[in-house]
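Here, each number is a calculation from the coordinates, and none is a lab measurement. Because the structure is a prediction, the values reported are computed rather than measured. We place every Cβ from the backbone using ideal geometry, glycine too, and count neighbours over all the protein chains shown.
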Amino acid sequence: MPVPIPRQRVIPAVENGHDGGAAPRTDRPTGSPTDTTRDTAPGATTGPETEPATTTEQPTTEQTTTATPGAPRTTGAPDTGATSGPAAPTAAEAAEALARIAAGSAANPGSGPTSTALTLLVIEDDPAGSLNIPSLLDSAELTVRVRTARNLTEAERLLTDDVHCILLDLALPAPGPRPAEAEDGTEDELAVLRHVLRLAPRHAVLALTGAENSARGPEAVRVGAQDFLYRDELDGRLLSRAVRYAVERKRADHAQRQLTESRLRAQENARLERGLLPTPLLEGAPLRFAARYRPGRSRALLGGDFYDTVRTADGTVHAMIGDVCGHGPDEAALGVELRIAWRALTFAGLCGDQLLSTLQKVLENERPDDEIFATLCTVDISPDGRSAGLCLAGHPSPLIARQGHLAELLPYEDNGPALGLLPQARWPRRQVELGRSWSLMLYTDGLIEGRIGAGNQRLGQDGMVSLVRGLLDQGLRGDALLEAAMTEVRALNGGELTDDVAVLLLDRMVPTAPTVR
């Protein structure tokens, strides 16, 4: 959602005539024409203003008009001998106010607050001076800083981040050596507007046209202007309302566009993350597969945990589960890389220490920080399903539930270090017996690090084993077992778990042959 911009405060005019509501312009190149600044405060007149000695012409004008009914105003050259204005603020007060206003303008150029101070850039060629914007604004309850430019070149120079709105005369000549033409060969009457919209895509634009060209105003809005005004019907109240409306509409359009872009990015990220989740390749294996995955990050589909299961051509079923330290998107991306690398290396015939050593090289080259490591558990189940090779790299040992026996943890005495901690580490492969019918559960530490109640006690591996035993006694298997386990762990924690959680379950259920009597 859009970040609210701090409310700006108008700084009282100071004696030297510089505007107190915005920082002095410092971006003008040496020798370029200088804007003339006039400040008017209610109930006060301004003192003399010193013009630069090197400036001989003034093609542009910048004025600050405080439009308050009955308040005096100054136009043209300053009156000599006028009384001084209100007392100047202290240096600390002025610096604080200028910093606050500058921060608001920089955070969202062209779309700041509209309650007290606005900067209006008027782009029009009016040699007769029939359109006096400061005079019009005298009757409106609006404080506005006015800059005028007679052509697009001057306008581009004056279009800084503190400009909130542009008032563009559509009668200006189109830029370029020749007028732009529409598809039917006619001259494009809105070429100057299109040019300004390209020049200032983040600023509000008001189109100014004559009543004799009434069709041009709505067309300007269709092209991209926030509103249009008729020159002959212009007055202070109408201009004030139009400027406020244009600025707020531009802000609303900008916020809506950001929201739409954010939703599109979220949808794309969700599709990408969903596509990166593994698809088990177990065709031909007499095993049932189930998995549950819950990232710790809010509104994410992937976390630092990862898992995969494949069956190679010799009938061996390979399963693995791992955990990259951390919870951010970088850790999630690294987990995906390790999973894909594990699958490729497994299909290439690597196993045990050789596979984990290669994965450590992948981790060392892909991790964004040398402090990042990953734990891993790999299991390769023989084609007959009765035995398996187990490798642990700093990871919790799997749980096995054999038919006719209580669920327990597989041996973990030969547990090696996590990947990325020791450059020359080794990971022994331990052979374990599974039996005829069994259920093998691989999990990450997010499942066992949840709390029990309001205290500091953790569930731990022993608590998880007891929890699974109770669920097995209820006859739960497969997806139902994992869903019940996740639900009970969250209930014991008193809410959602903060760490990523991944659980993988492989079942081999062989019917018992009937007894012959």
Rounded to two decimals, what is Rg over Rh for the stretch 408-507 when you use alpha-carbon atoms and the Kirkwood radius?
1.01
The stretch 291-408 - percent relative contact order, Cα under 8 Å, separation 6 or more
23 percent
Correct semi-axes for the stretch 328-476, from √(5λ) of the alpha-carbon gyration tensor and rounded to whole Å with the largest first, are 28, 22, 13
In debye, nearest 20: dipole of the stretch 217-335 around its Cα centre with unit charges on the Cβ of K, R (+) and D, E (-)?
460 debye
Non-local residues with an amide H under 5 Å from the amide H of Ser387, with H modelled 1.01 Å from N and Pro and chain starts lacking one, are Ser382, Leu434
Under the rule of at least 5 residues apart or a separate chain, name every residue whose amide H is placed under 5 Å from the amide H of Phe228.
Ala207
Taking amide H positions as placed 1.01 Å from N in the peptide plane, with prolines and chain starts having none, which residues 5 or more places from Thr119, or on another chain, fall under 5 Å of its amide H?
Arg145, His164, Cys165
For the stretch 488-498, just list the computed ³J(HN,Hα) in residue order, Karplus coefficients 6.51, -1.76 and 1.60, θ = phi - 60°, integers in Hz, with x standing in for Gly and Pro.
5, 5, 5, 5, 5, 6, x, x, 4, 6, 7
Relative contact order in percent for the stretch 374-517 (Cα pairs under 8 Å, 6+ apart) equals 24 percent
Directionally averaged projected area (convex hull, Cα atoms, the stretch 285-413), nm²:
8.9 nm²
The FRET efficiency for Arg490 and Ala333, from their Cβ-Cβ distance with R0 = 22 Å and rounded to 0.05, is 0.25
Chain lengthening between Glu449 and Leu422 when straightened (0.36 nm per residue, less Cα-Cα)
7.2 nm
Apply the Karplus curve 6.51 cos²θ - 1.76 cosθ + 1.60, θ = phi - 60°, to the phi angles in the stretch 229-242 and return the couplings in whole Hz, x for Gly and Pro.
9, 8, 4, 6, 9, 6, 9, x, 5, 5, 5, 4, 5, 5
Pull out the extension gain between Thr312 and Asp370, defined as 0.36 nm times the separation in residues minus the alpha carbon to alpha carbon distance; nm, one decimal.
17.5 nm
In nm, what is the difference between 0.36 nm times the number of residues separating Arg402 and Leu350 and their Cα-Cα distance?
15.9 nm
Strictly greater than 28 Å: what percent of every Cα pair in the stretch 197-333 meets that?
53 percent
Given points 7 Å out from each Cα along the Cα-Cβ axis, report the Arg257 to Ser466 separation in nanometres with one decimal.
6.0 nm
